[in-house]
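Okay, so here's the structure we're looking at.
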Amino acid sequence: MPPLLGLHHVALICSNYSISKRFYTEILGLEVLAETYRAARDSYKLDLAVSGQYVLELFSFPNPPPRPSWPEAAGLRHLAFAVADLPAAIQWLEQHAVPCEPIRTDELTGRQFTFFADPDGLPLEFYAV
């Protein structure tokens, strides 16, 4: 098997495209690389980047099923974004009515982190680097 070169992107399906697009672009600050409407699927695909690196595909589909549970359902547990100033990142989210869990400390690295949710309840994390 050829060696993996890295993680290319993560794909998310949202229930309300305009709300999720605003959350990921205006609140989290991801950059729009491309936005495509696929008429045959009645679906949008939004390619997003962090610091110029393509990392996230945001899809809309009519009537997607809900996530089974949060956050311990089998499958993807959460997405983590690196931040330099965790308290400032938390303050920014709270100013935009996005509640965060209390700050925790990673017992293995000593780094601090917090969890919050996107508009569909997908667990997200800010991890201080």
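What follows is calculated from the coordinates using simple rules that are stated; it is not laboratory data. On a predicted model such as this, the values are computed, not experimentally measured, just so you know. Glycine gets a Cβ as well: all are built from the backbone with ideal geometry, and neighbour counts include every protein chain shown.
Residues whose amide H lies under 5 Å from that of LEU30, counting only those 5 or more places away or on a different chain, are THR25; hydrogens are built 1.01 Å from N in the peptide plane. Amide H to amide H distances under 5 Å link ASP118 with LEU124, where only residues 5 or more positions off or on other chains count and H is placed in the peptide plane. Between HIS78 and PHE61, residue separation times 0.36 nm minus the direct Cα-Cα distance comes to 4.0 nm.
In the range 12-59, Rg over Rh equals 0.96, where Rg is the alpha-carbon radius of gyration and Rh the Kirkwood radius from pairwise Cα distances.
May I ask for the Kirkwood hydrodynamic radius of the chain, worked out over all distinct Cα pairs and given in angstroms to one decimal?
Across the chain, the inverse of the average 1/r is 16.0 Å.
Each label was represented as a point 7 Å from its Cα along the Cα-to-Cβ direction; for VAL50 and GLU35 these points are 2.2 nm apart. Distance from the Cα centroid of the range 83-97 to that of the range 13-61 is 21 Å (rounded to whole angstrom). Cut-off 10 angstrom, C-alpha nodes, Gaussian network model of the chain. Which of ASP118, ASP85, ASP47 fluctuates the most? In the Gaussian network model the winner is ASP85.
FRET efficiency for the pair ALA11 and ASP106, taken as 1/(1 + (r/R0)^6) with r the Cβ-Cβ distance and R0 = 30 Å, rounds to 0.70. Return one number: the angle in degrees, 0 to 90 and rounded to the nearest 10, between the long axis of the Cα atoms of helix 86-95 and the longest principal axis of the Cα atoms of the chain. Helix 86-95 sits at roughly 50 degrees to that axis. By the Stokes-Einstein formula, at 1.306 mPa s and 10 °C, the range 71-129 with its Kirkwood radius over alpha-carbon pairs has D equal to 134 µm²/s.
Residue order for THR25, THR36, fewest other beta carbons within 10 angstrom first, comes to THR36, THR25.
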